1. Going by the structure shown, is residue 172 buried (at least 19 other Cβ atoms within 10 Å of the Cβ) and either in contact with a helix residue (DSSP H, G or I) (Cβ under 7 Å, 6 or more places away or on another chain) or over 28 Å from residue 278 (Cα atoms) (or both)?
2. Yes or no: the stretch 140-152 includes at least one residue that is buried (at least 18 other Cβ atoms within 10 Å of the Cβ) and closer than 28 Å to residue 10 by Cβ.
3. State yes or no: is residue 47 under 18 Å from residue 345 (Cα atoms), touching a helix residue (DSSP H, G or I) at 6+ places or on another chain (Cβ under 8 Å) and either in a helix (DSSP H, G or I) or not assigned by TED's automatic domain parsing to the domain that holds residue 107 (or both)?
4. List the residue pairs whose Cβ atoms are under 6 Å apart, where the first residue sits in the stretch 271-296 and is over 17 Å from residue 316 (Cα atoms), the second is in a helix (DSSP H, G or I) and more than 10 Å from the ligand (Cβ to nearest atom), and the two are 6 or more positions apart or on different chains.
5. Just one of the numbered conditions (1) surrounded by fewer than 17 Cβ atoms within 10 Å (Cβ to Cβ); (2) over 19 Å from residue 322 (Cα atoms) is not true of residue 384; which one?
6. Take the residues of the stretch 244-259 that are over 18 Å from residue 278 (Cβ atoms) and within 11 Å of the ligand (Cβ to nearest atom): which is surrounded by the most Cβ atoms within 10 Å (Cβ to Cβ)?
7. Out of everything in the stretch 420-433 that is within 18 Å of residue 330 (Cβ to Cβ) and touching a residue at least 60 places away in the same chain (Cβ under 8 Å), what residue ends up being surrounded by the fewest Cβ atoms within 10 Å (Cβ to Cβ)?
8. When you go through (1) assigned to a loop (DSSP other than H, G, I, E, B); (2) surrounded by 15 or more Cβ atoms within 10 Å (Cβ to Cβ) one by one for residue 286, which number turns out not to apply?
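The values are calculated or read from the model by the stated rules, or taken from the named source; none is laboratory data. Owing to the predicted nature of the structure, the values given are computational and were not obtained by experimental measurement. Cβ atoms come from the backbone with ideal geometry, glycine included; neighbour counts cover every protein chain shown.
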Ligand SMILES: C[S@@+](CC[C@H](N)C(=O)[O-])C[C@H]1O[C@@H](n2cnc3c(N)ncnc32)[C@H](O)[C@@H]1O
């Protein structure tokens, strides 16, 4: 056995420790560490696969470790836990890595990252697991255990969704969350048309595929670091999920509209609005964090949008100067993010049951203020990237019950498969390929249309 530690595995362990012990965000730590220009592309994708794989399958890995270790799982030190998880993930999910390689690398890592006889402990646990590999793979689970263990669903999220959807829907949702999400880009139509962009991407050796739901979308594969391509640097497109593109299609802003994007960072939808209004003045993009406004600014600069007004404002505060000022408002609200756990699997472990109530409280404040900021005759689009009905349909119902002049509009010109009663869009990763988005469209009528007192 060579003594040198395999570099990608060591990076993966450090990142897993940061995510699981220090609460770091998977996308941020991965982006930072994969930027290292000394890394080969193959190592970059191995680190990405290891870190995402462990976080996605964390419950399953932990269940296997728990059942094959004499030391209680809670008593295992954080570094050793990550080393074991990484090994178990390789043994059960990566066919190309021989089991012996996964074990040997973990033993070396445990010598470096722990004191005492940790390497012997790791070796013993992993050899025990390998001996029982077939039995583990063929284990019969109850339906509940299958969700929680095999598909690594947090218990409380599984319960929440089982109260809202059929068990088969919840199951396929969690199975899909273990897969990788596609990469889609939105053509920047201010700069180029779709066919010309496809030609340029093909010349750059990027694989290009049709997207399903949105006319401006292209699926891309086989590109490595996207920021190195001229097409990216020239601002010919932005990376954005297809469902996220639908949000602005539903808002349908036109040149001349006064538009507010209330929770707008990092600006995926802001830039789409800017494109649709032909970069005319009239678009304000807000967020509560200054550093996030800078991300919008970067996106606007790269996509050649010059007229977006950035505002550091708290959406839950009612500003009197904004009342009845806007023709169109997008409220892409902060939410539980359950619709994007395929892209950001750490959401599963970071989100807590008690967070849902505070998220809902904020969503109600935001939608109240958004509605107040609309001109009579104006249109509000309320969207989230979650499939939790409490943050979706129920927030819209709250608004409809509170304001006599709120009218839920039909959503037109979209694929009927993603519509619920013509009123809501709800996409599901396992059915539609894109992220799990909710979209609704509300008109502020000039007078009481419900006849309520
Ligand atoms: C779902 S993200 C928006 C994504 C964005 N629309 C896009 O397409 O790129 C929600 C945003 O709301 C912001 N946010 C959270 N609380 C807020 C508040 N009280 N007021 C304004 N923005 C807020 C977050 O910082 C985050 O950037």
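1. no
2. Yes, because at least one residue in the stretch 140-152 is buried (at least 18 other Cβ atoms within 10 Å of the Cβ) and closer than 28 Å to residue 10 by Cβ.
3. For residue 47, the condition - under 18 Å from residue 345 (Cα atoms), touching a helix residue (DSSP H, G or I) at 6+ places or on another chain (Cβ under 8 Å) and either in a helix (DSSP H, G or I) or not assigned by TED's automatic domain parsing to the domain that holds residue 107 (or both) - is met.
4. Once the first residue is over 17 Å from residue 316 (Cα atoms) and sits in the stretch 271-296, its partners that are in a helix (DSSP H, G or I) and more than 10 Å from the ligand (Cβ to nearest atom) give 283/274.
5. So the condition that residue 384 fails would be (1).
6. 247
7. Step by step, filter the stretch 420-433, then rank; the result is 425.
8. Every listed condition holds for residue 286 apart from (1).
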